[in-house]
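See structure below.
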């Protein structure tokens, strides 16, 4: 049985496991500024290495699924 997360993982399989903010914005179809705002608000668990920000792809997929369920 295919779960919702499996379906989204298949759709976005070309993206790496750790996303840049720009890649996250591409997946969510939001502006770069909105993506950085989401990171600042703590909507995702992120990895910060100096000025470099990486977001685990599974965090973005979970965000999509959680927000689909709210509608």
The one condition in (1) touching a strand residue (DSSP E or B) at 6+ places or on another chain (Cβ under 9 Å); (2) in a helix (DSSP H, G or I); (3) loosely packed, with under 11 Cβ neighbours inside 10 Å that residue 33 fails to fulfil: (1)
Within the group 5, 27, which residue is without any contact (Cβ under 8 Å) to a residue 60 or more places away in the chain, part of a helix (DSSP H, G or I) and in contact with a helix residue (DSSP H, G or I) (Cβ under 9 Å, 6 or more places away or on another chain)? 27
Do we have any residue at all in the range 58-67 that's part of a loop (DSSP other than H, G, I, E, B) and either in contact with a strand residue (DSSP E or B) (Cβ under 7 Å, 6 or more places away or on another chain) or modelled with pLDDT of 95 or more (or both)? no
Filtered residues of the range 13-30 (kept if touching a strand residue (DSSP E or B) at 6+ places or on another chain (Cβ under 6 Å) and over 16 Å from residue 67 (Cβ atoms)): 18, 19, 21
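The values are calculated or read from the model by the stated rules, or taken from the named source; none is laboratory data. Just so it is clear, the structure is predicted and the values come from calculations on it, not from any experiment. For neighbour counting, all protein chains shown are included, and Cβ atoms are generated from backbone atoms with ideal geometry for every residue, glycine included.
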